[in-house]
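Have a look at the structure below before the remarks.
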């Protein structure tokens, strides 16, 4: 009778997806966007501002995602990263 070996344990790495918003430190409305919206007949929109967002997936935690946004994805003099807690 032969003894069977149990299969080795398989560990699946869990990955998370983070949305990193990068917005201007200048909180004024983008006049170019306002003009383009007016040309489309869109009025009463209020403030229009540009932003970028990145979806980052990987085996990282919230602190690592924050560090990524602050050091790689934005210019600290002109831009900042925000999260849902900031709004």
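Side notes on the structure shown:
- Residues of the range 14-49 satisfying the condition of being part of a loop (DSSP other than H, G, I, E, B) and surrounded by fewer than 11 Cβ atoms within 10 Å (Cβ to Cβ): 14, 15, 26, 27, 28, 40, 41, 43, 44, 46, 47
- Filtering the range 50-75 to residues that are within 30 Å of residue 31 (Cα to Cα), touching a residue at least 24 places away in the same chain (Cβ under 8 Å) and loosely packed, with under 15 Cβ neighbours inside 10 Å leaves 50, 51, 52, 53, 55.
- Residue 46 falls short of the stated requirement of being on the phi > 0 side of the Ramachandran plot and at pLDDT 90 or above.
- Flag if residue 73 is over 16 Å from the mean Cα position of the chain (by Cα) and at negative phi: no
The values are calculated or read from the model by the stated rules, or taken from the named source; none is laboratory data. Here the structure is a predicted model, which is why all the values come from computation and not from measurement. Cβ sites come from the backbone with ideal geometry, for glycine too, and all protein chains shown count toward neighbours.
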